[in-house]
Structure formats: structure tokens, C-alpha cells
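A short reminder: the numbers here are calculations on the coordinates, not readings from a lab. This structure is a prediction, so every number in the text was calculated from the model and none was measured. Ideal geometry is used to build each Cβ from the backbone, glycine not excepted, and the neighbour counts take in all protein chains shown.
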Amino acid sequence: MQSQPLDLTDDAVATAVSEGWDLPATAASYLAVGYGSHHWAVEDAGGGLWFASVDVVPLDDRDGGVFRLTAALGVAVAARDSGLSFVVAPLRTRDGALLRQLRGGYVIALYPFVNGRAGGFGDELDPAEGTELTGLLRSLHGVPPASCDTTWGPVGVETFAVQGRDRLEAALAGVSHQQWQGPYGEHLRRLLARHTDDVDLAFRRHDELVAGAGSQTDRLVLTHGEPHPGNVIRTPEGPVLVDWDTALLGPPERDLWLLDTRTGGRASDEYTALTGRPLRSELLSGYQLGWWLADVAVFVELLRHATEETADTAWSWEALDGTLHALASPPTRSTASRTTR
């Protein structure tokens, strides 16, 4: 996120790290990177750097949200401990937990600070980079699912539900007769009114694609969920994968569709050649539609309740407009979304 929360200071983050991880933190500075989570660079008394990631857990889903996030991060720890050195997993607190809860509904996780070159969400991958990342996913998908149930909870399993669907559909139902307040209220309502049919059709198409793929019980592998170039950091020792907040068991297409959009479809062919697992085009397209719809839901929720314009709301407005236009055309395996997480 581009904007630091007003109710979460640098000092509060440094204190949380000091108390939660027994790490004498002397300073924390906000990093305007990524989307969804807030991030800080934390310096300890010895001059070492650490990376703190802070999420907001909704009040109406506090226990469930913390449980799901903890389980996902636990999977990253299990994958790293299984020998996958490219997995950047969170550090345990002094109590053995992976998250520390803060005031205001925030939770914080701490990671090693990775020195390297980070990519951007929309970056294309050249053939060598695509092959390299496909190889990482092959290794990740080879982790035995049974090893992913950890002391922090059982690994989540893909349900194909679009996050935020209920709230988005409720918002769409009100665009014709409600008045929306705030700096984006009426502009947002009119934009959604123009694209209501596109969103409805996309939901139906998503459901048809998922249903057409059939049961995936015998195809489940450990997936990262968002292995786009923005979550890859290239270090002198090789590339590493960060941001494991959405890790769970799912079909391999959950990871490969994103890689396909950055390689012109080459990744799927290379993955099948490496693993012997053929990939299903209906799931590749279904995951892309589901991603776009989840993005629309996130942006609408943020903009509908915004009380002022910020760097985050301005970016979200532009991304929402682009995503809604993308939904008007069926996705293809080589079509990249403009949005990011």
C-alpha cells in the first residue's frame, strides 16, 4: 500500500517487533510497496534489517481471518523447512507464533530482509526467467500435501470461491436506486452501473468454467497463489518467492495461469513437460476471471467507504476502471491483468 495507516506509527511497529520477537528494534520506516498489506523496514540495534508485514483483519471475521493467515504462513514455514530455500517464510515469535496481534485489528509478521532486485506485477518474463520460475513451482508442487498440516493449523484447500463476492453482488444490486457518499460515491455508482452486466456475465462464466473442470481432489498440490514477478526477488544466490499469505492446496493451474500471462502461454507447456501433469484450459481461464472479480470486489469496497482521496484510492480507481474494461472481453491464456496484490 502507498499510504501508511494513520493509527499505526513507525514507533508502534518497532515496539511490536521488539516485544514479539525479542529483537531490539531501534527504528522502523514505512515502505510504499505492494497492495493489500502494509510493510515496514525494521532496523535492530546491531544494524540488521528485517521486513515487517502488517494486515488488517476485518472485525466481523477476526478469528477466521487470523486462522487462515496463520495456516497459510505455516505452510510457507513447512515448505522452507522441507528444503525449499527459495521460500521466504516468516520468523517465529518468542512464543512460537507466526503472527502478533496489534491494536486496531492489525496483525504483524516478521521476515528476513531480502537484498535483491524485486520485479513488478505486470513485468513480462523472458524465456530464461519463465523457465526458472516454472522450475520453482515444480519443486513447490512436489511438496507432499501431508507435510503441510502444521502446529499452526491444517493447510487450507481451494474452494474456488471468489473473495468478496457477496459484498460485490450486494453493491451491484444497489447501483440503480441508492445514493453513495464520499469522494468516489456517485462516480463509482455510475461506473458500476455501466459494467453490471459485464460483472454478472463474468461470475456466470467463472462458475461454468470451474464446474466444467470437475472435481480436483486428485490433483491438489501446494500452491503459492500469487507467483507473479512482483513476488519474485532476484538475489545473487538465485530467485526467491515472497508473500505467502494465500498459500493453500489447489490444482496447479492456481499458480500457472499467472505465469502463463507473463510468458505468452509458454509456462504451461514447460510445466507439463517437467511434471507430466497436463493443465486444463478451463481452469487457467477460470482463475484469471476469479482474480479479476476479486480485484473488483476489493476496489469497490475500498472506494465505496473512502472518506478522502489518497494515493491508494487514486490507484485503486484507475485499476478498477481497467479491470472492468478487461472483464468486458473473455480472458485468454496470454492476457495479463492490470491489477496487483
#### Entry: segment 9-113 - Kirkwood radius from inverse mean 1/r over Cα pairs (Å)
14.1
## Note on the structure
The size of the Cβ-based charge dipole (Lys, Arg +1; Asp, Glu -1) of segment 9-113 about the Cα centre, to the nearest 20 debye, is 220
### Summary
Long-range amide H partners of Gly156, meaning residues 5 or more apart or on another chain whose placed amide H is closer than 5 Å, are Leu249
### Neighbour-count ranking [beta-carbon atoms within 10 angstrom, fewest first] of Trp152, Trp257
Trp152, Trp257
### Query
Dipole magnitude of segment 192-247 about its Cα centre, charges +1 at Lys/Arg Cβ and -1 at Asp/Glu Cβ only, in debye to the nearest 20?
120
### Summary
Which of Gln163, Gln216, Gln288 fluctuates most in a GNM of the chain (C-alpha springs under 10 Å)? That residue is Gln216
### Message
Return the Rg/Rh ratio of the chain with Cα-based radii and a Kirkwood Rh.
### Response
0.96
